[in-house]
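The values are calculated or read from the model by the stated rules, or taken from the named source; none is laboratory data. Everything quoted here is computed from the prediction, not taken from an experiment. Note that each Cβ is placed from the backbone with ideal geometry, even for glycine, and that neighbours are counted across all protein chains shown. Note: areas computed on protein heavy atoms with side chains; ligands, DNA, RNA excluded. Shrake-Rupley method; radii C 1.70, N 1.55, O 1.52, S 1.80 Å.
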Amino acid sequence: MPSIQAGWLDGARRQPSPNWDARPPDCEPSLLVIHCISLPPGEFGGPWIDHLFTNTLPPDEHPYFAEIQHMRVSSHLLIRRDGGVVQYVPFHGRAWHAGRSAFYGRRACNDIGIGIELEGCDDSGYTDAQYQQLAQATAAIVRRYPAITPERMTGHEHIAPGRKSDPGPGFAWFRFRNGVIQYLNGRSLSGDRRGKSVS
């Protein structure tokens, strides 16, 4: 299982984003927020998510890019369809991923949250490779930040209802949480076949 060194996940490709700042005092990470993203919408692969999170999205490359190229957003991690992991912001930093949000009355979830993007769409499933890497990364995060309990692992749709809908009905919460528990107990996931889609 990977570990976290100085805020960075071992084995993740580092692509530092300028879109982050310091967390407020006494705001250690205590919430994990799962998102999904695809650029252009519904298309996977390509460099465009990196460009979005580093403010280098070319507006002439696709009509949708012209609409969003002004946005200043980031996430801590991205997990691609093939299981590749990219980190944009160190975990102790405040990534700009949740926007207007609340978790059980606690507003501004960016202050306490770690954001993980899955390359995908709200209405589609995710791959075995993504579940495996998500469970591994989350287990490493929980070991470093034990205030992130299973009850404090949530989706963007849950902290911004009516505004956001990701990761959507295609995300298998039980499979994800069970995978995290297995890694925390020192067991690898069985039956994961990299790259196959699941619902």
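Of the listed requirements (1) open to solvent by 70 Å² or more (accessible area, probe 1.4 Å); (2) of a type in the set (A, V, I, L, M, F, W, C); (3) at negative phi, Ala6 misses just one: (3). Checking each residue in the stretch 111-165 for being in a helix (DSSP H, G or I) and among the basic types (Lys, Arg) picks out Arg143, Arg144, Arg152. Kindly evaluate Tyr104 against the criterion of being among the aromatic types (Phe, Trp, Tyr) and surrounded by fewer than 17 Cβ atoms within 10 Å (Cβ to Cβ). Judged against the criteria, Tyr104 is a match.
Of the residues screened, Leu57 is not one that is closer than 23 Å to Pro16 by Cβ, assigned to a loop (DSSP other than H, G, I, E, B) and either polar (S, T, N, Q) or in contact (Cβ under 8 Å) with a residue 24 or more places away in the chain (or both).
Of these, Ser17, Ser75, which one is assigned to a loop (DSSP other than H, G, I, E, B), open to solvent by less than 40 Å² (accessible area, probe 1.4 Å) and within 19 Å of Ser165 (Cα to Cα)? The unique qualifying residue is Ser75. Residue by residue through the stretch 20-46, note down the ones that are part of a loop (DSSP other than H, G, I, E, B), among the charged types (D, E, K, R) and touching a residue at least 40 places away in the same chain (Cβ under 8 Å). Answer for the stretch 20-46, where residues must be part of a loop (DSSP other than H, G, I, E, B), among the charged types (D, E, K, R) and touching a residue at least 40 places away in the same chain (Cβ under 8 Å): Arg23, Glu28. I'd like the residue in the stretch 58-75 that is of a type outside the set (A, V, I, L, M, F, W, C) and in contact with a helix residue (DSSP H, G or I) (Cβ under 9 Å, 6 or more places away or on another chain) and, out of all such residues, is nearest to Leu9 (Cα to Cα). The qualifying residue nearest to Leu9 (Cα to Cα) is Ser75. Evaluation of Ile49 against the conditions (1) in contact with a Pro (Cβ under 9 Å, 6 or more places away or on another chain); (2) in a helix (DSSP H, G or I); (3) touching a residue at least 12 places away in the same chain (Cβ under 8 Å) shows that the sole unmet condition is (1). Confirm whether Gly125 is at pLDDT below 95 and not hydroxyl-bearing (Ser, Thr, Tyr). Here the answer is yes, as Gly125 does meet what is asked. Can you work out which of the residues in the stretch 49-68 that are charged (D, E, K, R) and closer than 23 Å to Val86 by Cα is surrounded by the most Cβ atoms within 10 Å (Cβ to Cβ)? Top of the filtered list is Asp50. Restricting the stretch 137-163 to residues that are touching a residue at least 40 places away in the same chain (Cβ under 8 Å) and in contact with a helix residue (DSSP H, G or I) (Cβ under 6 Å, 6 or more places away or on another chain), the residue that is farthest from Ala6 (Cα to Cα) is Ile159.
Which pairs have Cβ atoms under 6 Å, sit 6 or more apart or on different chains, and link a residue in the stretch 62-80 that is touching a residue at least 12 places away in the same chain (Cβ under 8 Å) to one that is part of a loop (DSSP other than H, G, I, E, B) and open to solvent by 30 Å² or more (accessible area, probe 1.4 Å)? The qualifying pairs are Phe65/Pro59; Gln69/Pro59; Val73/Trp96; Ser74/Trp96. Could you list, in sequence order, the residues of the stretch 78-100 that are open to solvent by 30 Å² or more (accessible area, probe 1.4 Å) and not small (Gly, Ala, Ser)? Hits for the stretch 78-100 are Arg80, Arg81, Asp82, His92, Arg94, Trp96, Arg100.
Residues considered: Gly42, Gly99, Gly113, Gly125. Of these, the only one that is more than 19 Å from Arg13 (Cβ to Cβ) and touching a Leu at 6+ places or on another chain (Cβ under 6 Å) is Gly113.
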